Amino acid sequence: MMRRLAERFFRWFCHPSYFDEIQGDLEEMYSRNLEKGKQYAQWKYLLQVIILFRPSLMRSFSQNPLFNLGMYRNYFKISVRILLRQKLYATINILGLAVGMGVCLLIYQYIHFELSYDQFHTNAENIYRLTQTTIRNGENHGTEIFTTHGLGPNAKEVIPEITEFVRIRPQRNAPVVINPENEQSFLQENMWYVERNFLQLFNYPLKYGDSESALDGKYNIVLTEQAAIKYFGKTNPIGKSLRISLSILSGEFTVTGVLAALPANSHLQFECLLPITFVLEKHPFYSKEDSEGWGFTDFVTYVRINEATAINDIKVKFDQLVAAKAKGDAKDPGSEWKIDFQPLLAIHLESEFTKELAINNGDLQNVISFSIIAVFILLMAWVNYINLSTTQAIKRGKEVAIRKSIGAFKQQLVGQFITEAAIVNFIAATLAVALAYCMLPILNNIISKNIAFSVFWDIKFWWVSLSIIILGSLLSGLYPAFILSSFKPVAIFKSIEVMQKGGINLRKGLILFQFTISILLISATYLVYKQISYMRDQDLGVDMEKILIVNGPRLMLETSEMEEIETKYQAFKNTLTKHHAVSAVSGTSSFPSSGYYATEGYSRFDKEKSSDKQANLIVVDTDFINTYELDFIAKTDFPKKILPDDKVIINEEAVKVFGFSSAEDALHEVLVDNWGNTVEILGVVKDIHWSSLKDAHSPHIFVLNNSFVAYYSIKMNLSDVKETIAQIKSDYNTIFPDDPFEYSFLDDDFNAQYQADLQFGNLFSIFSILAIFIACLGLFALVSFSATLRMKEIGIRKVLGASISNLMIMLSREYLILLLIAIIVAIPVILIGGKAWLENYAFKIEMGFDLFLIPALALLLISLVTVSYRTYTTAKINPVESLKSE
């Protein structure tokens, strides 16, 4: 064994001119050494070969055909000539690969953007958002991102691993912000109260001002560039004032900083920042009732920890802290909290909380789905190349035979075809960049974000691109190269059948793969749109059509007494109802899709406190019933004078959760909250969808109050929308002259909740269309080539009386059979994947037979159009011309 290996090594490196002579000498010495034993002879032989391994005896490796530069130059010339000669198939190959690579590049940019969220912050990997799980009497009441304001400072004080903390308290009801210079006023959304070190923990660059001191003063305010332009134009506003009107949180603030445009890949999106010390001192909930900071969970807390700290160790310390502090101080002694850590870099893609700071969070499942789609689309493009290359073996067969006859090695032939594949892949990659660049605005429009081609500055992108080109060249060129180079010259010259049969099973398998992926993508797109349509068309339990939402007044809350507020509110309602287009008006704390006024723990007055359940609160007036056309199951007479927060209406789910035997049984019963306040149930309404149909029904408590108005719901007819809105605005400005008038339509606001699902569906549909386009390109080329091979057969059949329809069926049959098999293969995948996706929705469609039938018919129609055009033109050719073809 040792001798044979040594001999092979010697044969490999020895110059052919010296090999025979030296090999003879080695054999003689081996024979003489056998007298001393076989093992000794073999070791001696190996030692002699190693001694002979020197430059003077070695062959010239630079002359090896595999590494000859001139040879590859010749490969390049031949490849270019072949591509120019076979323009149709070259175009189909390049176009298919370009579309596949372009889609991959576009998805890569999208995924790169989604994964880049918050990475621009210094020490981002050590920053965590605290989450709080509430457990009452051993029952998990859910996890949310809102914590108490005492958690951060206490943790920093007693847990040394916490190096920094930041609290954020978002302002739920938008205040009125006024520029005193010109008295322009706006309702300001996305206003947050934050810690003074907010701009040190989070690295948002300032255009004007100093990040170290911008939030030091209690009456300082920091604006984003967009907000600054809204109030002051494009001038530097540092030192100027803004007046904020928000009842007890009103005041005049000095602009001390203007942030540059916030990065699109930040999960924190805001417009105004105010010092948290202001709200903690001004708001009675925090300054008096909750001086220890453990009673109200209104704050989002971020912490930065030491790099070498184990999270599990800190969790234990947090549990000890909460047990020691919150247990005794909280107004809800039956509850306990568990604190957990959510990495900053995971917030965008891995948050599933019902209440978030921002609504721009992504979905990790979507990122994974699009990654899989990108791979499949690229594979489909490579499949086209492999199919077309193997089917053209008959045209390249004689070329291969001649090359082999004059001494070409198999490795040289493989090199030729790999070179062709590399050229095609490189051209396609170049076109793919241009295609992706042109498609990027479409992607931005769909996902409502402004993504730039930042991947060009990422070294990983170039490695991935180079890997795709190399891998594509090998995958798409290697198999055809070995198929063509394996043909025997004698067999090629004697018969073409060997070439026609070469790779036929692989081609069918690859076509089946394309059909299967296409049917899966069409089915997924159909499923997404069917679910979205179902949610939009579902009976929501309230009448949302023809309802205009108008923001309630804010300025009068600052100076008016409760009676005056109620008087103005009633005056506005009475004025509106006199308009012929307005049928009802209601004042509420929130409206469907906008969230809830609060979530509070309630229990039945006749039960133990341990039976408390979480319920969502909405403050409404008595006209809410008519405006939204609530369907009562049971109700009693409502008193003319409603005491604030004393009387309530509940929904069906609340009846079940609180353990009432029936809706009638719940009437006049009393509920008590965690603070000891009691309310009487005056009615029970059917369940309504206050939020997206993704969420299951939850207990709702509608608190009756005729003096609390955050929003007006105005029911109107749509005969003359512009004139009606103009009249409403005029009445609003008359009664509330200093408040800005802003409005929206309720059905638009509610359907906006499905924007992310719609974006997902739109992206899916675009990628499905591109995948089908690639599959059709390959199918068209294959049918064209198949028809070319059978030209003589077609001519003979036509002479014998075959009709055009018969010939079309003959040429199309094998592809339609493959399509049928693809549908059968796809059915279980659709069932499993569709069921898993629908689990994200509390209210969802039933998976019916149409989920398979409609996509299958769509793909069948597309395939028939693709195949029929080529088969029809082939079948119409004059038999005389067909019989002349070779």
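A 1.4 Å probe run over the protein chains yields, for the chain, 47 Å² of accessible area per residue, whole-number rounding. Measuring against 29 Å, Cα to Cα, the residue pairs 613/686; 77/792; 686/729 contain 77/792; 686/729 as the ones spanning a longer distance.
Here the chain is treated with +1 on each Lys and Arg Cβ and -1 on each Asp and Glu Cβ, and its dipole about the Cα centre works out to around 7340 debye. Could you estimate the translational diffusion coefficient of the range 171-228 from the Stokes-Einstein equation, with Rh from the Kirkwood formula over C-alpha pairs, at 10 °C and 1.306 mPa s, in whole µm²/s? The Stokes-Einstein estimate is 123 µm²/s. Between residue 634 and 684, the built amide H atoms are under 5 Å apart, and every one of these is 5 or more places off in sequence or on another chain. Dipole orientation for the chain: of the candidates 45, 154, 224, 45 has the Cα lying most toward the positive pole (charges on Cβ; Lys, Arg +1; Asp, Glu -1).
Take the Cα radius of gyration of the range 665-782 and divide it by 2.2 N^0.38 Å, N being the number of residues; the result is 1.81.
Looking at the range 523-597, the GluC sites (Glu not before Pro) that sit in a DSSP loop and have at most 14 other Cβ atoms within 10 Å of their own Cβ are 545, 561. Between the residues 603, 124, 368, the greatest Cα displacement towards the positive end of the dipole of the chain, with unit charges on the Cβ of Lys, Arg, Asp and Glu, is found for 368. In the chain, the inverse of the mean reciprocal separation of distinct Cα atoms equals 33.8 Å; this is its Kirkwood hydrodynamic radius.
Which of the trypsin sites (Lys or Arg not before Pro) found in the range 77-111 are in a DSSP loop and have at most 11 neighbouring Cβ atoms, other than their own, within 10 Å?
Answer by residue number: there is no such site.
Projected onto their three principal axes, the Cα atoms of the range 563-682 cover extents of 50, 29, 29 Å, largest first.
Taking all protein chains as shown and a probe of 1.4 angstrom, residue 191 keeps an accessible surface of around 0 Å². When shorter helices are ignored and each DSSP H run of at least 4 residues is given -39500 (n - 2.57), the per-residue value for the chain at 222 nm works out to -17000 deg cm²/dmol.
What GluC sites (Glu not before Pro) in the range 812-859 are in a loop by DSSP, with at most 13 other Cβ atoms within 10 Å of the Cβ?
839, 846
Computed from the alpha carbon positions, the gyration tensor of the range 76-143 leads to an equivalent ellipsoid with semi-axes of 56, 17, 7 Å, biggest first. Membrane-span-like helices in the chain, defined purely by DSSP H runs whose alpha carbon atoms cover 30 Å or more axially and whose average Kyte-Doolittle hydropathy reaches 0.0, are 87-115, 364-391, 410-447, 459-485, 504-537, 755-789, 804-838, 850-875.
The values are calculated or read from the model by the stated rules, or taken from the named source; none is laboratory data. These numbers were taken from a predicted model, which means no experiment stands behind them. Here the Cβ is made from the backbone with ideal geometry for all residues, glycine too, and neighbour counts use every protein chain on show. These area figures cover heavy atoms from the full protein model, side chains too; ligands, DNA and RNA do not enter into them. Shrake-Rupley method; radii C 1.70, N 1.55, O 1.52, S 1.80 Å.
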